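Shown next, in structure tokens, is the structure this report addresses.
The values are calculated or read from the model by the stated rules, or taken from the named source; none is laboratory data. Note that the coordinates shown come from a computational prediction; the quantities given were computed from them, not determined experimentally. Cβ sites come from the backbone with ideal geometry, for glycine too, and all protein chains shown count toward neighbours.
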Amino acid sequence: MKIKIFKIKAKSIFTQTKIPGAKWTINQYVGCQHSCLYCYAKFMCQWRPENYGKWGSWVEVKINAPELVKGKYVEGWVYMSSVSDPYQPIEKQLELTRRVLKNLDKRIKLSILTKSDLILRDIDILKKFKNLEVGLTINNFDGRLKKIFEPFSPTNQARIYALKVLKENGLKTYCFVSPIIPGLIDIRNIIRQTRDFTDFYWFETINLRLAGQEFIEIIKRKFPKSFEIIESQAKFNDFLKECCKIIDSEKINCQGFVYEADRGRNKRTKKG
Ligand code: SF4
């Protein structure tokens, strides 16, 4: 897909957040070439000029991000990133994330989440952080499902491989199992493929409200059985119980389960 790049200078780079477990976010990019159909960050389009276009077709690059982090220390966990993937394809040539990591105070508590094995390029810098967690989103979408939901992100095999190599290099790893869509994701299988090199897990079910209308239409049309479960509060609750049973039976370190409670706001529980 042809991508529009907007290079901008930001005023600041650490933003306070309400994401549970984190105090700050850092987005050296806004916008994401991975262009996942369900992406919860596409609301960012509302605040961009019309010429930017659809989510996934543009990326804003904060060219001064490496300078902005220099010499700054913040208390509390910093989450990278909330409205972009720090290792989307353009990072390969720009090395913006790499330069941000180089300049970040290594005492900062940093949690990175990505869908890309490009993160392996930066292992040399990652190893210098005193408090670091590195997460890969794993959902095992493949073939037709991958084309529909995440057409431009690296394969799940590449992500699982990345988790393994990160762990082999002594880094703390986590697996973010998301978005869990009834009937389309096999949680047990993901756990079994990753447990040997994953320190802890987060789970998240799909949030229709944040995923948006286009996603809802596609789920309704192409996966009616999944939609029936997501749409019905009673069936969805049964599905959640089933997921928790699987997670409990696998005896993993589950840090939390994120789900849409009463079709309202997101809710996180500390245990699967
Ligand atoms: S990788 Fe993350 S930020 Fe990028 S489009 Fe997909 S869900 Fe959104």
Specify the residue that is farthest from the ligand (Cβ to nearest atom); the eligible residues are those in segment 79-88 that are within 11 Å of Val100 (Cβ to Cβ) and out of contact with any helix residue (DSSP H, G or I) (no Cβ under 6 Å at 6 or more places or on another chain). Met80
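Per-residue answers, yes or no, for (1) under 29 Å from Leu210 (Cβ atoms); (2) among the charged types (D, E, K, R):
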site	(1), (2)
Pro49	yes, no
Tyr52	yes, no
Val61	yes, no
Asn64	no, no
Ser81	yes, no
Tyr87	yes, no
Asp105	no, yes
Filter pass, Ile123 being part of a helix (DSSP H, G or I), touching a residue at least 12 places away in the same chain (Cβ under 8 Å) and farther than 15 Å from Val61 by Cα: yes
Just one of (1) within 16 Å of the ligand (Cβ to nearest atom); (2) in contact with a strand residue (DSSP E or B) (Cβ under 8 Å, 6 or more places away or on another chain); (3) free of Cβ contacts under 8 Å to residues at least 60 places away in the same chain; (4) at negative phi trips up Gly53, so point out which. (4)
Mind listing just one residue for me: the one in segment 16-42 that is free of Cβ contacts under 8 Å to residues at least 60 places away in the same chain and not in a loop (DSSP other than H, G, I, E, B) and, of those, surrounded by the fewest Cβ atoms within 10 Å (Cβ to Cβ)? Gln16
Report yes if Thr137 is modelled with pLDDT of 95 or more, farther than 30 Å from Glu214 by Cα, within 16 Å of the ligand (Cβ to nearest atom) and outside any loop (DSSP other than H, G, I, E, B), otherwise no. no
Tell me which residues, restricted to segment 89-120, are away from the ligand (no atom under 13 Å from the Cβ) and either in a loop (DSSP other than H, G, I, E, B) or touching a Gly at 6+ places or on another chain (Cβ under 9 Å) (or both). Glu95, Asn103, Leu104, Asp105, Lys106, Arg107, Ile108, Lys109, Ser111
Suppose the filter is in contact (Cβ under 8 Å) with a residue 40 or more places away in the chain, assigned to a strand (DSSP E or B), out of contact with any Cys (no Cβ under 8 Å at 6 or more places or on another chain) and surrounded by fewer than 22 Cβ atoms within 10 Å (Cβ to Cβ); does Glu214 pass it? no
Output the residues belonging to segment 1-50 that are out of contact with any helix residue (DSSP H, G or I) (no Cβ under 9 Å at 6 or more places or on another chain), β-branched (Val, Ile, Thr) and away from the ligand (no atom under 16 Å from the Cβ). Ile8
Taking Glu67 as meeting all but one of (1) surrounded by fewer than 17 Cβ atoms within 10 Å (Cβ to Cβ); (2) within 15 Å of the ligand (Cβ to nearest atom), write down the number of the exception. (2)
